[in-house]
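Asker: This is the structure I want to talk about, given as C-alpha cells.
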Amino acid sequence: MRDPRIIAVATATPPLAYRQSDIRAFAGRHFDAILREDRRLLDVFDHAEIGTRYLCVPLEWLGEKRGLAEKNERYIEHAVELGSEVTRQVLDRAGMSASDVDHVVFISSTGIATPSVDALIANRMGFRTDTRRTPVWGLGCAGGAAGLSRARDFALADPRAHVLVVALELCSLTFLSSDISTRNLIATSLFADGAAAAVVAGAQSRRPGGNGHATLSMRASQSTLWKDTLDVMGWEVEDDGLRVVFSRSIPSIVLEHVRPSLESFLASHQLALGDVRHIVAHPGGAKVLHAYSQGLGLDTAALSHARDILYRFGNMSSPSCLFVLERFLEAGDIAAGEHAVVMALGPGFSAEYVLVRAE
C-alpha cells in the first residue's frame, strides 16, 4: 500500500510588517530600565539574523498593559481570520473544496479557544458536519512537524481521508509589557506571527497534488522526549498572559542529542544520515541553526532555506518548519526519489521527525 502523501502546502502572515530595526527601537524604549545598565543587550537584535517580522497587532498596542482576557480575545479574532486565509490557499493548491476535508488537525500554543479555533474556521469555511477535528495545544515550535505526523497517522487509519493540518501562532500576543527581564528582551528579538497549512492524502486518494509542486510520500515519523529537560522551553501562566521560558542550553542540547536520535530514527527505516539529501529544519534562531549545522555535519547551503525563512519572517513557532518546506517545494530542490526529514524541537524538551520522499 502507498504511504500517505503531502499534496499541498501554503503559508500566510498578518498584514503588519516590521523591520527588525523597528522592533529594536521599540525594545530600546520599552526595556530602558535594564538597558541603562548594559546597552549591549540590544545587540541580540543584530545577531538574530532576522530582517522582517509580521505581527497581528501594532507594536504600540503591545507596549501597553493588557490582561490575558483581552489578549486572548485578539488571539481568537486574528487566528480565525489568518487560519481561514491559509486554509483557502492550501485547498486551492490541492484542488479541493472545504467539503472535501475529512479531518482537521489544528496546532497552536499562543492562545485558548473553546469552541476551538478549528471549529470556528469550519463554520466560516463550510466544512462538512461530519468532519473530524483534533485541536492540539502545547507543542510550541515542534507543533508543525507533529501536526504532519498526526495527519499521517489519521491517513494510515483511513486511506481514503484528506487531512488538513493548520499550524498557527500569534506569538506577539504573548508579549508581557510588565516583564522587563533579559529573557523577555531576547524573546522580543526572535518571535513573530504566522500560519501554515498542509493537506495529507491517504493512500486511496487519487488527488495528484497541487500547484506544480512535487508530492511527498510520508514514509515514517517519530516523536522524541528527552528526560529531565522540562525546564528548557515552555510557558509560565501569569495574570496578564503567558511568560516565555527558554533556556540558553538549547543549542548545546541540539549538538549533543539531535544527531543520535535522528540517526536512530533513520536506521529503523534502513537509512543512514547520508541517505537524506535534505534537512527541513525549524529555524528557531541563528544559534540553533548553527548547532544543527555543526551537529549534523551540514554545509552552509543545506540550511539556506531555513535561514532565509528566519530572515524574512523570524521565529513563528509551530508554522515555521512548514514555511521552510514550502520553500523547498517552490525551489524544486527535492528531486524524485530523494529523501528529506522535516524536523523541529519544542517543549518537553522534545523533537519531531517526519521522513518524506519526493514522488
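Asker: In region 3-58, which residues are closer than 27 Å to H290 by Cα, assigned to a loop (DSSP other than H, G, I, E, B) and open to solvent by less than 10 Å² (accessible area, probe 1.4 Å)?
Answerer: Of everything in region 3-58, just one residue is closer than 27 Å to H290 by Cα, assigned to a loop (DSSP other than H, G, I, E, B) and open to solvent by less than 10 Å² (accessible area, probe 1.4 Å), namely A48.
Asker: Being assigned to a helix (DSSP H, G or I) and either without any contact (Cβ under 8 Å) to a residue 24 or more places away in the chain or surrounded by fewer than 21 Cβ atoms within 10 Å (Cβ to Cβ) (or both) is the filter here, so list the residues in region 309-359 that pass it.
Answerer: Just the residues of region 309-359 that are assigned to a helix (DSSP H, G or I), to begin with: 309-313, 320-331.
Correct list: Y311, R312, R327, E330, A331.
Asker: Are any residues in region 64-76 within 25 Å of R19 (Cβ to Cβ) and surrounded by 14 or more Cβ atoms within 10 Å (Cβ to Cβ), and if so, which ones?
Answerer: Within region 64-76, R66, K71, R74, Y75 qualify.
Yes/no matrix, rows are residues, columns are (1) modelled with pLDDT of 95 or more; (2) among the charged types (D, E, K, R):
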| position | (1), (2) |
| --- | --- |
| V44 | no, no |
| R53 | yes, yes |
| R66 | no, yes |
| A69 | no, no |
| Y75 | yes, no |
| G95 | no, no |
| H103 | yes, no |
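Asker: Among the residues of region 60-70, is there at least one that is closer than 29 Å to G234 by Cβ, touching a helix residue (DSSP H, G or I) at 6+ places or on another chain (Cβ under 8 Å) and not polar (S, T, N, Q)? It would help to see each step written out before you state the result.
Answerer: Going through region 60-70, the residues closer than 29 Å to G234 by Cβ turn out to be 60-70.
Applying the additional criterion that residues be touching a helix residue (DSSP H, G or I) at 6+ places or on another chain (Cβ under 8 Å) yields 62-63.
Filter again for not polar (S, T, N, Q), leaving 62-63.
Scanning region 60-70, I find at least one residue that is closer than 29 Å to G234 by Cβ, touching a helix residue (DSSP H, G or I) at 6+ places or on another chain (Cβ under 8 Å) and not polar (S, T, N, Q), so the answer is yes.
Asker: Pick out, from region 84-196, the strands (runs of 3 or more DSSP E) lying fully within it that include 1 or more residues that are of a type outside the set (A, V, I, L, M, F, W, C) and under 18 Å from the mean Cα position of the chain (by Cα).
Answerer: It comes to 132-136, 162-170.
Asker: Moving on. For L296, are the conditions met, namely being in contact with a strand residue (DSSP E or B) (Cβ under 9 Å, 6 or more places away or on another chain), open to solvent by less than 30 Å² (accessible area, probe 1.4 Å) and under 20 Å from W226 (Cα atoms)? Reasoning before the result, please.
Answerer: Details: in contact with a strand residue (DSSP E or B) (Cβ under 9 Å, 6 or more places away or on another chain): yes; open to solvent by less than 30 Å² (accessible area, probe 1.4 Å): yes; under 20 Å from W226 (Cα atoms): yes.
The answer is yes for L296.
Asker: Among the residues of region 109-164, write down those that are within 29 Å of F246 (Cα to Cα), in contact (Cβ under 8 Å) with a residue 24 or more places away in the chain and of a type in the set (S, T, N, Q).
Answerer: At the first step, the residues of region 109-164 found to be within 29 Å of F246 (Cα to Cα) are 109-114, 116-118, 134-151.
Keeping just the survivors that are in contact (Cβ under 8 Å) with a residue 24 or more places away in the chain gives 109-113, 117-118, 134-151.
Within region 109-164, S109, T110, T134, S149 meet the criteria.
Asker: Kindly establish whether I121 is among the aliphatic types (A, V, I, L, M) and either open to solvent by less than 10 Å² (accessible area, probe 1.4 Å) or at pLDDT 95 or above (or both).
Answerer: In short, yes.
The values are calculated or read from the model by the stated rules, or taken from the named source; none is laboratory data. Note that this is a predicted model, so its numbers are computed, not measured. Cβ: placed from backbone, ideal geometry, glycine included. Neighbour counts: every protein chain shown. These accessible areas exclude ligands, DNA and RNA; they are computed on the full protein's heavy atoms, side chains included. Shrake-Rupley method; radii C 1.70, N 1.55, O 1.52, S 1.80 Å.
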